[in-house]
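Q: I am attaching a structure below and will ask some questions about it afterwards.
The values are calculated or read from the model by the stated rules, or taken from the named source; none is laboratory data. Everything numeric in this text was worked out from a predicted model, so none of it was measured. Reconstructed Cβ throughout: ideal geometry from the backbone, glycine too, with neighbour counts over all protein chains shown. Please note that ligands, DNA and RNA were not included when accessible areas were found on the heavy atoms of the full protein model with its side chains. Shrake-Rupley method; radii C 1.70, N 1.55, O 1.52, S 1.80 Å.
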Amino acid sequence: MVPRGNFQLARIFGIRIGVGISWFAVLFVFIFAVTEPFHKMLGGSRTTAYLVAVASVLSFFASLILHELGHALVARRNGLPVAGIDLWALGGMMRSGEPDSPGVEFRIAAAGPLVTLTVIVVCTLAGQLATNSSHFFEAALATGGVHATPALVWLSWVATINALVLIFNLVPAFPLDGGKIAHAAIWWRTGDRNRATHATGRAGQALALALGAFGFWGLSRGGSFALFSIVLAFFLYQAASAAVAQGSLGKRIQNITVADIMDRDPVTIPAKLTLLDAQEQFFLRYRWPWFAVVDPARHFLGVVRGSRVDAEISAGRPALPVVDVLEEDMPVRIAEGEPLEALLSSDGLRRLGAMVAVDDEGILQGVVTLAQLRRALRLAT
């Protein structure tokens, strides 16, 4: 499900890039914070410093998108559905299906930091070559007394901020990329995914507590980034605690599969049925917001929403076959043999309230709803 207050910024390689309202606030805070240091290095007009600040901050957020695209493209290459990328106040997040092996998780987790490293190298080389300056690193660190060109300030700042993000992001604690890499390593070494989740979650909690303590210490000394550290620690602790809970719960439900709890006789719509017939025979009759669509051999083709059917009929296209209006980017397919734990992080369950279970040949075997999942979790706990 697309988070509330999230706006589509672009689509790259078919992947939705969204931004939250908090992103706009952080964007302006960043621009305000760097304008004055930039003005000291650039001299001259404050307008020039402001424009360089805008370009630098936007370039940084563009590099975050590239980072998340690295995760997304590798996830897609490994057969995982990618629902989109969201930017928010404290960074970015790629929404996709769960990896089914330590190797896949490692490749996806490592892709983002590799992209960030590439950005750092490109900015550094471009800064050294284009500006022909020996003050690249001094400008990057905003060393007093350094006077630089707009290009040098821009490239050095983007390289520096990405380097700091890379170093922090590689700490082996959930939910950072370093924590996911560590999770893949522990999963591979022990063969126990839940143990890996629990361990990296605990590491994430420890990191959050340390970061929070540092923030309060900095706050007492008037540090400029103290409040940011405290807020970041809060969100990190929440995410890490969720991972710890997921690891504990996973141990209890690891032997339950999707097939154990799904509805084996769901109502489906034939692919060749017209929209008008689908509306009259299914949506008006059952009053459900969506249905699974199948071909004559019961291969699952996708889902169709009642709102889309109503819109097409109102537009004068009632004779269109249902198969022509299936929802795109709707990751609701799951193998019937998947463990119940895979449902907990499935994007389709959040977006539609259900997942469609299929066999190895893609034939629909059943539907598992959010209510069925909750019932199974209550019994397990």
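Matching residues to (1) farther than 16 Å from ALA89 by Cβ; (2) in contact with a strand residue (DSSP E or B) (Cβ under 7 Å, 6 or more places away or on another chain); (3) modelled with pLDDT under 85; (4) surrounded by 20 or more Cβ atoms within 10 Å (Cβ to Cβ):
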{"position": "GLY215", "(1), (2), (3), (4)": "no, no, no, yes"}
{"position": "GLY222", "(1), (2), (3), (4)": "yes, no, yes, no"}
{"position": "PHE225", "(1), (2), (3), (4)": "no, no, yes, no"}
{"position": "PHE228", "(1), (2), (3), (4)": "no, no, yes, no"}
{"position": "PHE234", "(1), (2), (3), (4)": "no, no, no, no"}
{"position": "GLN238", "(1), (2), (3), (4)": "no, no, no, no"}
{"position": "ALA242", "(1), (2), (3), (4)": "yes, no, no, no"}
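Q: Can you tell me which condition GLY178 does not meet? The list is (1) open to solvent by 20 Å² or more (accessible area, probe 1.4 Å); (2) within 21 Å of the chain's Cα centre (by Cα); (3) at pLDDT 90 or above, and all the others hold.
A: Here GLY178 meets the rest and fails (1).
Q: Could you please give the count of residues in the stretch 64-81 that are aliphatic (A, V, I, L, M) and open to solvent by 20 Å² or more (accessible area, probe 1.4 Å)? Reasoning before the result, please.
A: From the stretch 64-81, those aliphatic (A, V, I, L, M) are 64-66, 69, 72-75, 80; that's our starting set.
Checking which are open to solvent by 20 Å² or more (accessible area, probe 1.4 Å) leaves us with 64-66, 73-74, 80.
The qualifying residues number 6.
Q: Just give me the residues in the stretch 13-27 being loosely packed, with under 15 Cβ neighbours inside 10 Å and modelled with pLDDT of 85 or more, in sequence order. Steps first, please.
A: At the first step, the residues of the stretch 13-27 found to be loosely packed, with under 15 Cβ neighbours inside 10 Å are 13-14, 21-22, 24-25.
PHE13, GLY14 - these are the residues of the stretch 13-27 that are loosely packed, with under 15 Cβ neighbours inside 10 Å and modelled with pLDDT of 85 or more.
Q: Separate question: Residues being more than 11 Å from ALA243 (Cβ to Cβ), touching a residue at least 24 places away in the same chain (Cβ under 8 Å) and either surrounded by fewer than 19 Cβ atoms within 10 Å (Cβ to Cβ) or in contact with a Leu (Cβ under 9 Å, 6 or more places away or on another chain) (or both): count how many of those fall in the stretch 181-207.
A: In the first step, residues of the stretch 181-207 are kept if they are more than 11 Å from ALA243 (Cβ to Cβ); the result is 181-182, 184-193, 195, 206-207.
Subset that is touching a residue at least 24 places away in the same chain (Cβ under 8 Å): 181, 184-185, 187-188, 193, 195, 206-207.
Among the residues that remain, those that are also either surrounded by fewer than 19 Cβ atoms within 10 Å (Cβ to Cβ) or in contact with a Leu (Cβ under 9 Å, 6 or more places away or on another chain) (or both) are: 181, 185, 188, 195, 206-207.
So the answer is 6.
Q: If you take the residues of the stretch 323-365 that are open to solvent by 20 Å² or more (accessible area, probe 1.4 Å) and polar (S, T, N, Q), which of them is modelled with the highest pLDDT?
A: Across the stretch 323-365, the extreme among qualifying residues is GLN365.
Q: Just need a number here: residues in the stretch 63-90 that are among the small types (Gly, Ala, Ser), farther than 18 Å from SER346 by Cα and free of Cβ contacts under 8 Å to residues at least 60 places away in the same chain. Break it down stepwise before answering.
A: First, pick out the residues of the stretch 63-90 that are among the small types (Gly, Ala, Ser): 63, 70, 72, 75, 79, 83-84, 89.
Still in the running and farther than 18 Å from SER346 by Cα: 63, 70, 89.
Restricting the remaining residues to those that are free of Cβ contacts under 8 Å to residues at least 60 places away in the same chain gives 70.
Final tally of qualifying residues: 1.
Q: Any residue in the stretch 325-351 that is without any contact (Cβ under 8 Å) to a residue 60 or more places away in the chain and over 21 Å from ILE363 (Cβ atoms) sitting within a Cβ distance under 9 Å of a residue that is open to solvent by 50 Å² or more (accessible area, probe 1.4 Å) and part of a loop (DSSP other than H, G, I, E, B)? List the pairs, counting only those 6 or more apart or interchain.
A: VAL325/ARG317
Q: Testing PRO296 on (1) surrounded by fewer than 19 Cβ atoms within 10 Å (Cβ to Cβ); (2) more than 20 Å from ILE363 (Cα to Cα); (3) in contact with a Pro (Cβ under 9 Å, 6 or more places away or on another chain), one condition comes back false. Which one is that?
A: Of the numbered conditions (1) surrounded by fewer than 19 Cβ atoms within 10 Å (Cβ to Cβ); (2) more than 20 Å from ILE363 (Cα to Cα); (3) in contact with a Pro (Cβ under 9 Å, 6 or more places away or on another chain), the odd one out for PRO296 is (2).
Q: Here's another thing I want to ask about it. Please specify each residue of the stretch 299-324 satisfying the condition of being of a type outside the set (Val, Ile, Thr) and closer than 19 Å to ILE363 by Cα.
A: Of the residues in the stretch 299-324, the ones of a type outside the set (Val, Ile, Thr) are 299-302, 305-308, 310-312, 314-321, 324.
If the condition is that a residue be of a type outside the set (Val, Ile, Thr) and closer than 19 Å to ILE363 by Cα, then HIS299, PHE300, LEU301, GLY302 are the ones that fit.
Q: Failed condition for ARG46, given (1) of a type in the set (D, E, K, R); (2) open to solvent by 20 Å² or more (accessible area, probe 1.4 Å); (3) touching a residue at least 40 places away in the same chain (Cβ under 8 Å), with all others met?
A: (3)
Per-residue answers, yes or no, for (1) open to solvent by less than 40 Å² (accessible area, probe 1.4 Å); (2) under 24 Å from GLY178 (Cβ atoms); (3) in contact with an Asp or Glu (Cβ under 6 Å, 6 or more places away or on another chain); (4) among the basic types (Lys, Arg):
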{"site": "VAL29", "(1), (2), (3), (4)": "no, no, no, no"}
{"site": "THR35", "(1), (2), (3), (4)": "yes, no, no, no"}
{"site": "MET41", "(1), (2), (3), (4)": "yes, no, no, no"}
{"site": "ALA62", "(1), (2), (3), (4)": "no, yes, no, no"}
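Q: Please go through the stretch 49-60 and give me each residue that is open to solvent by 60 Å² or more (accessible area, probe 1.4 Å) and of a type outside the set (A, V, I, L, M, F, W, C), ordered by number.
A: Of all residues in the stretch 49-60, those open to solvent by 60 Å² or more (accessible area, probe 1.4 Å) come to 50-51, 58.
Selection gives TYR50 alone.
Q: If we only count helices (runs of 4 or more DSSP H) wholly inside the stretch 187-296, which ones have 2 or more residues that are within 26 Å of the chain's Cα centre (by Cα) and within 23 Å of GLY103 (Cα to Cα)?
A: Numbers: elements: 193-220, 226-253, 258-261, 275-278.
Counting at least 2 such residues, we get 193-220, 226-253.
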